[in-house]
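Have a look at the structure below, then the notes.
The values are calculated or read from the model by the stated rules, or taken from the named source; none is laboratory data. Note that the coordinates shown come from a computational prediction; the quantities given were computed from them, not determined experimentally. Here the Cβ is made from the backbone with ideal geometry for all residues, glycine too, and neighbour counts use every protein chain on show.
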Amino acid sequence: MNIRPRTRATSFDVAALAGVSQSAVSRAFTPGSSLAEEKRLRIIEAARKLNYVPNSIARSLTTQRSNIVAVILGNTANPFYLQVLEAFMHRLQAEGRQVLTFTVENGGESDEAILRVLRYQVDGVILTSAQLSTRMVSLCHDRGIPVVLFNRYIPGSDASGVRCANAEGGRQIATAFLAAGARSFAMIKGDPKGTTSQDRARGFVDRLMEAGIGRDAISELEGHSVYDGAHEAVVREFRDGRTKIPDAIFGINDIMAMGAMDALRQRFSLKVPDDVMIGGFDDIAEARRFPYRLTTVRQPIGQMVDETLAILHLDEPHRPIEPGRDVVVPGRLIWRRSIPAPRGDGETKGA
């Protein structure tokens, strides 16, 4: 028995039933478009009767705009970037746009991901991973696809981006340690090629040395930007007892600070902050929970997302994005329990 395929209703069918033009149907399903409310409701009712759903692909062929933004993630093991992705999705979907997500292995190159992005008709690219060649940035821009960096920059490139004041945040953690009386330190580093990790480490070390701390009193561990890497690095460094555990440990991001904290408690039966102080960076949701209560630098994700989308200006596709723009947004030190707060200070309200 032959079954006749069911045909989909088109915007022309909806227009005929609602007694309007086809362009009015298109506007009815475009957020922010100008259309009388009575006419919009009539079109929506006609679409409901016909089981009509707008075809975004067909519309993109007409408008040359897909309303899709690519987000490239580099370290999905770090909950911070999942929070960033969620923030971009909420903002873009509220504007009638969608997010297409690509991933790069931690510490890997982003060029391959860009080549995958170029197979799709996207209106812009937001890059959170560390490595991208200037050639790939130029390739995207030549095709009319703007690229904006999130929480990083590419030295020597004219790529625009938004980042937290990472060096200043590293200084804030160092100052907190010094105020609490620490005199020996360890720093758990992330991606050696990433400007984010480098800047935080530089700010931390510079502040300590300004306070008269010798460079030999600041040891460095490789945590590879992940929980397990930091946990293993701490166990490996201190398990034989020959290396003295320092007064304070700075995890370049929260997830590494948490890995270090668990290693100190589980493997060495140490208390935080009584035996060792711990500081982090990012203020991920997990860091606020018991038993971590991590003192950290909060990245203002909402503001950074706003600044990123302002550079992309997706509503003005024919205006090129400004090259070489570097927007630096201050972070905020959040006092919790892993570093003793100065007298009179407590945990930041709402933290």
Going residue by residue through region 248-258, is there one that turns out to be at pLDDT 95 or above and part of a loop (DSSP other than H, G, I, E, B)? yes
Every residue in region 145-172 that is without any contact (Cβ under 8 Å) to a residue 24 or more places away in the chain and on the phi > 0 side of the Ramachandran plot, please. G156
With respect to E220, determine if the residue is among the charged types (D, E, K, R) and either without any contact (Cβ under 8 Å) to a residue 40 or more places away in the chain or surrounded by 23 or more Cβ atoms within 10 Å (Cβ to Cβ) (or both). yes
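Of all residues being touching a strand residue (DSSP E or B) at 6+ places or on another chain (Cβ under 8 Å) and surrounded by fewer than 18 Cβ atoms within 10 Å (Cβ to Cβ) in region 86-106, which is nearest to I284 (Cα to Cα)? Just the residue, please.
M89
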Positions within region 230-244 being within 18 Å of G280 (Cβ to Cβ) and without any contact (Cβ under 8 Å) to a residue 40 or more places away in the chain, in sequence order: H231, E232
Could we say that E220 is farther than 20 Å from R171 by Cα, at pLDDT 95 or above, among the acidic types (D, E) and in contact with a strand residue (DSSP E or B) (Cβ under 9 Å, 6 or more places away or on another chain) here? no
Yes or no: region 162-172 includes at least one residue that is among the basic types (K, R), within 30 Å of I339 (Cβ to Cβ), under 14 Å from the mean Cα position of the chain (by Cα) and not in a loop (DSSP other than H, G, I, E, B). yes
